[in-house]
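The values are calculated or read from the model by the stated rules, or taken from the named source; none is laboratory data. Everything numeric in this text was worked out from a predicted model, so none of it was measured. Here the Cβ is made from the backbone with ideal geometry for all residues, glycine too, and neighbour counts use every protein chain on show.
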Amino acid sequence: MELREVLAKRRMVRNYSDEPVPSDVLERIVDAGLRAPSAGFSQGQRFVVVTGTAQRNAVAESCREHEYVQRGFDPWISRAPAHIVLCVDRDAYLKRYSEPDKAAVRGRTSREGDWTVPYWWVDAGATLMAVLLAAVDEGLGAGFLGAHVVDDLHTTLDIPPEILIVGIVTVGYPLPDRRSSSLGRGWLDRDTVVSYESWGRPRA
Ligand SMILES: Cc1cc2nc3c(=O)[nH]c(=O)nc-3n(C[C@H](O)[C@H](O)[C@H](O)COP(=O)(O)O)c2cc1C
């Protein structure tokens with residue numbers, strides 16, 4: 001598929017058929033995430049791939065899926081045949097930016113407070129997009145549930161406490177779903193978002 005087509009097709013899918021995702025397809029989608037850039041090539045992105053029924057149900061429980069189902073939404077998480085839990089290892093960045101070539105810029109090793117833009121979140125975003133697009137390219141759908149609505153996933157999946165959970169990517173064959181009410185906001189006007197030559201200037 002052309003990249004333009006993949007980008008146009010991508011949307012968050014929140015309902016899937018029961019059909020499993022073949023393991024080679026799932027691995028290619030994960031590999032797309034591994035191909036994402038990382039600051040200083042820190043490679044702090046981490047993934048937990050979940051396909052077992054009991055484990056997917058446990059993840060759904062951590063997301064309080066039953067509350068969404070009670071409100072008329074589909075069982076998005078438990079029904080998705082695969083989850084890719086996207087995590088970052090912040091310490092990988094602190095270590096990398098304490099190595100001689102990076103520390104020389106600041107004249108000392110790296111501390112968390114130094115980071116006006118925490119690159120572990122930037123890299124997580126790039127990784128998320130790579131995974132979402134790869135799923136579309138494989139003829140599948142993917143969705144993303146942010147960590148802000150997930151409890152206890154560290155415990156559920158034995159993720160070490162120092163690893164930060166970004167969210168859950170769901171992957172599967174899409175079924176019709178209830179669209180997010182957020183989409184009712186509509187797209188912002190292009191001139192609000194894009195300036196030319198300096199902030200606020202429209203295209204000549
Ligand atoms: C960082 C991030 C967190 C998100 N968290 C959630 C979420 O917790 N639940 C949800 O239903 N959608 C979530 N979304 C999906 C957005 O609502 C969705 O991307 C947006 O409404 C645009 O819709 P589209 O991606 O289908 O084009 C999240 C998206 C991002 C990028």
Please go through segment 109-128 and pick out each residue that is in a helix (DSSP H, G or I) and without any contact (Cβ under 8 Å) to a residue 24 or more places away in the chain. E112, G113, D114, G125
Filter pass, Y93 being away from the ligand (no atom under 16 Å from the Cβ) and either of a type in the set (A, V, I, L, M) or within 29 Å of L7 (Cβ to Cβ) (or both): yes
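This table checks each residue for (1) in contact with a Pro (Cβ under 7 Å, 6 or more places away or on another chain); (2) more than 23 Å from R35 (Cα to Cα); (3) modelled with pLDDT of 95 or more.
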| position | (1), (2), (3) |
| --- | --- |
| W121 | no, no, yes |
| A126 | yes, no, yes |
| A134 | no, no, yes |
| L164 | no, no, yes |
| I168 | no, no, yes |
| G172 | yes, no, yes |
| D177 | no, yes, no |
| S181 | no, yes, no |
Qualifying residue in segment 175-198 (condition: within 15 Å of the ligand (Cβ to nearest atom), surrounded by 10 or more Cβ atoms within 10 Å (Cβ to Cβ), assigned to a loop (DSSP other than H, G, I, E, B) and among the hydroxyl-bearing types (S, T, Y)): yes
State whether one or more residues within segment 141-150 are β-branched (V, I, T), surrounded by fewer than 18 Cβ atoms within 10 Å (Cβ to Cβ) and under 24 Å from Y68 (Cβ atoms). yes
Is it true that G141 is within 25 Å of P118 (Cβ to Cβ) and within 16 Å of the ligand (Cβ to nearest atom)? no
Output yes when any residue across segment 77-86 is under 16 Å from P174 (Cα atoms), without any contact (Cβ under 8 Å) to a residue 24 or more places away in the chain and crowded, with 16+ Cβ neighbours inside 10 Å, and no when none is. yes
Considering only residues of segment 59-84 that are outside any helix (DSSP H, G or I) and touching a Phe, Trp or Tyr at 6+ places or on another chain (Cβ under 7 Å), which is nearest to V30 (Cα to Cα)? I84
Looking for something out of contact with any helix residue (DSSP H, G or I) (no Cβ under 6 Å at 6 or more places or on another chain), outside any strand (DSSP E or B), under 22 Å from L26 (Cβ atoms) and not aliphatic (A, V, I, L, M) - is there at least one such residue anywhere in segment 92-108? no
Looking only at segment 144-162, filter to residues that are within 12 Å of A58 (Cβ to Cβ), in a loop (DSSP other than H, G, I, E, B) and more than 14 Å from the chain's Cα centre (by Cα); which one of those is farthest from the ligand (Cβ to nearest atom)? D158
Output the number of residues of segment 12-58 satisfying the condition of being under 16 Å from the mean Cα position of the chain (by Cα), crowded, with 16+ Cβ neighbours inside 10 Å, touching a residue at least 60 places away in the same chain (Cβ under 8 Å) and outside any strand (DSSP E or B). 10
